[in-house]
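Engineer: Could you have a look at this structure, given as structure tokens, before my questions?
The values are calculated or read from the model by the stated rules, or taken from the named source; none is laboratory data. Since the structure is predicted, the reported quantities are computational estimates derived from the model, not experimental observations. Here the Cβ is made from the backbone with ideal geometry for all residues, glycine too, and neighbour counts use every protein chain on show.
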Amino acid sequence: FEPPTPQDVERDFSARRRHLEQLAAIESTYFENLEGYFMGKPQQERLADAKGVRRRAWLDSAASVRVPGMMMLGPMGGRGSSESSIDLVRLAGDTALEPTSVEAIGPVLRQYASNATALQQSRLETVLEGQRQIALFHARAVTRDQNGNVEVSISSDDDGFETMQKADQRIAAATQTVVDLNRSTLEQLESVLAPDQAAVLQAAYDRAAFPAVFRDRGPARQRLESALKLELDDVQRAAVGAIQSEFATAAADIRAKMVAAERAGGERLGMAPDIDGGQLQRVQARANEMRKLRFELSELDARTLQRLATVLSPEQAKAIGGLEPQPDADQSGGIQFLQMN
């Protein structure tokens with residue numbers, strides 16, 4: 001390992017910028033060539049939408065790259081990085097909305113597309129400059145002594161440390177600006193949609209914004225689906241269907257609370273000297289709430305499997321597996337919470 005010098009950092013970031021500019025030029029030429037094949041207005045509009053979506057995805061991807069070997073003392077971009085990667089034009093296109101709904105949200109999405117592209121471009125510039133400043137700080141702090149040993153000299157009193165903190169904060173703020181645009185635009189979209197269509201779009205947004213919340217860790221849903229594929233009598237099928245419906249409703253309610261907790265308490269923790277007590281308490285409270293809700297999901301899974309086992313015969317239970325006796329809630333261990341001093 002040879003510690004990079006400040007000159008190395010400047011050279012590498014200049015090369016990275018040139019590379020990004022070359023890629024952007026290739027993307028632009030590709031769409032310009034495509035435009036020559038589509039002369040009708042509907043096709044041109046769809047192509048313009050695709051070009052915008054592709055451009056914003058490219059900008060987001062470039063802004064999300066971490067510099068190899070960079071020692072980070074705080075999260076780059078903070079929480080909400082998945083939410084900042086959402087493109088509402090693409091999300092709406094991928095969501096099963098009715099034709100009348102698609103037409104209704106068109107004007108809102110066209111305004112959003114222009115703003116989102118500009119913000120993603122600004123975010124990329126902020127990230128590149130912030131990463132350059134942080135890399136320079138590290139390059140100045142890491143050296144070799146006369147014996148060839150690597151020495152690291154970092155002090156909170158160093159002016160470079162403050163520069164790095166501010167760069168990290170600017171990156172987080174640029175990311176949050178994209179998140180804020182997505183949230184405000186989503187509200188506008190829902191205001192022109194029928195309630196059921198607004199709920200469909202909101203659900204799609206939540207899944208894209210908070211994928212960890214919707215990751216199905218428990219076996220209950222799969223076991224219920226497997227049970228319905230068995231040769232059940234009418235009474236059994238009705239009972240399993242009722243259990244499945246109740247499980248889906250309860251799980252959706254818990255996940256809605258998890259999304260609310262993520263959204264309300266999703267602020268970032270900056271670098272250690274920059275953290276205040278109130279911020280730390282809010283982050284800890286959110287972590288405790290998420291632990292509690294995940295525990296509730298686990299208990300719901302266990303109760304659902306117990307109910308399913310009472311409906312099926314031993315042979316049917318064995319056929320789908322995973323219906324062994326579940327431990328009672330008071331024997332399954334407690335839930336641990338973070339302590340806030």
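Engineer: Taking the stated definitions as given, is residue 262 modelled with pLDDT of 80 or more and farther than 30 Å from residue 234 by Cβ?
Structural biologist: Considered against the rule, which asks whether it is modelled with pLDDT of 80 or more and farther than 30 Å from residue 234 by Cβ, residue 262 comes out as yes.
Engineer: Among the residues of region 223-245, is any closer than 30 Å to residue 182 by Cβ and either without any contact (Cβ under 8 Å) to a residue 24 or more places away in the chain or of a type in the set (D, E, K, R) (or both)?
Structural biologist: no
Engineer: Pull out all pairs, ordered by first then second residue, where Cβ-Cβ is under 7 Å, the residues are six or more apart or on different chains, the first lies in region 128-141 and is in the same structural domain as residue 8 (by TED's automatic domain parsing) and on the phi < 0 side of the Ramachandran plot, and the second is at pLDDT 85 or above and not aliphatic (A, V, I, L, M).
Structural biologist: 130/170
Engineer: I would also like to ask the following. Against the definition (surrounded by 14 or more Cβ atoms within 10 Å (Cβ to Cβ) and not in a helix (DSSP H, G or I)), how does residue 213 come out, yes or no?
Structural biologist: yes
Engineer: Let me ask something else about it. Hey, residue 79 hits all of (1) among the charged types (D, E, K, R); (2) at pLDDT below 90; (3) not in a loop (DSSP other than H, G, I, E, B) but one; which does it fall short on?
Structural biologist: Result: residue 79 passes all but (3).
Engineer: Take the residues of region 305-341 that are assigned to a helix (DSSP H, G or I), surrounded by fewer than 12 Cβ atoms within 10 Å (Cβ to Cβ) and of a type in the set (S, T, N, Q): which is modelled with the highest pLDDT?
Structural biologist: 310
Engineer: If you don't mind, there's one more thing I want to ask. Residue 64: at pLDDT 70 or above and on the phi < 0 side of the Ramachandran plot, yes or no?
Structural biologist: Judged against the criteria, residue 64 is a match.
Engineer: Does residue 180 satisfy the criteria of being outside the structural domain of residue 310 (by TED's automatic domain parsing), charged (D, E, K, R) and either within 16 Å of the chain's Cα centre (by Cα) or closer than 24 Å to residue 120 by Cβ (or both)?
Structural biologist: yes
Engineer: Would you confirm whether any residue within region 186-204 is at pLDDT 80 or above and hydroxyl-bearing (Ser, Thr, Tyr)?
Structural biologist: Yes, region 186-204 has at least one match.
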